[in-house]
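This report refers to the structure that appears directly beneath it.
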Amino acid sequence: MVAIVGEAGVGKSRLAREFVRLHHTADWLVLESKSASYGHATPYLSIIELLRDYFKINVHHSTQSIRERVIASILALDATLQDAIPAVLDLLDSLGDDDPFRSLDLAQRRQSTYQAIVRLLLCESRVRPVIAVFEDLHRSDALSLGLLNELVIAAQDARLLLVVNYRPEFKDEWRNSPNYLQFRLDPLASEDLAEFLQALLGSDANLSTLKSFLVERATGIRSSLRRLYAGWSVLPCSRVCAAATALRGRSPAPRSRHNTGGARCTYRRAACRRQASAGGGGRDWARRAIRPPACNLRAGRGSGSRPAR
């Protein structure tokens, strides 16, 4: 397991993406799972995202097509995994209402689900190396983290690399594992910003105004600098410098729920069922789970929003 730790915006996700796209991993199976701000309230959300990536499932697939795709893929991988199919279909909200898996008690369903996912990934790792990326563990639910613990133990002798990232306040349980490696990313100190911008922009004297603008707005965060620079890099130098000079006197726009990445609207019908199975919430929780967050979509509001990573 490789853990990338750092505050918001320092480039944890960027580092993971750059790694899995190296030519060394060209023959590896790369599976990516992204969490969300409501991840704590959605059982197995990180695992569901990983399975949807593995089986190439999108919002246009019907329940029947998901069931057929999952069964065909698992049996083609290893016929001995047939008993793992109900647990996988349950996570993907494609299990029949009369399936015996639904009659299991909570502890049995949890254990069967853990074993099914672990066996699936281990079988795949015997065919080809696998990289499984889990982002933002500080947002993950307890069931997803419990399954990840099982994977850490099972992957010690397998060709399965787990790449995770989280913020410093999250306390993982794998620090003493023999196959654990942690990277800590910190914001750039002020004395390092000049060197970073020199490498990013070059030494053209005409860019000094732009460099000062980037330092003021990004406050030492690597990914913020790159995002700001990306918007300017396609413009002529004269226009960039003129625009940066005009903007330097303005205060940054206040952060709000309309201009941050928290408005990702990914909702699943199975969330209510799994929450009830996990021990509560009831009808009130169900209404909250499926209600989209308030998003102001009027002209001029929310146009700068982008999906959460």
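Since every read-out is calculated from the coordinates, none of them should be taken as a lab result. The structure displayed is predicted, hence computed values, not measured ones. Reconstructed Cβ throughout: ideal geometry from the backbone, glycine too, with neighbour counts over all protein chains shown.
Farthest toward the positive end of the dipole of segment 143-204, out of N149, L201, L181, is the Cα of N149, where the dipole comes from beta carbon charges about the Cα centre. Treating r as the C-beta distance of E18 and D105 and R0 as 35 Å, the FRET efficiency rounds to 0.20.
Within segment 96-185, the trypsin sites (Lys or Arg not before Pro) that combine a DSSP coil assignment with at most 10 other C-beta atoms in a 10 angstrom radius are K171, R175. Taking 0.36 nm per residue of separation and subtracting the current Cα-Cα distance, fully stretching the chain between S208 and A76 would add 41.6 nm. When the charge dipole of segment 2-185 is built from unit charges on Cβ atoms (+1 for Lys and Arg, -1 for Asp and Glu) and taken about the Cα centre, the candidate among G9, L75, F55 whose Cα reaches farthest toward its positive end is G9. Remark: S208, S37 ranked as S208, S37, counting other beta-carbon atoms within 10 Å and listing the fewest first.
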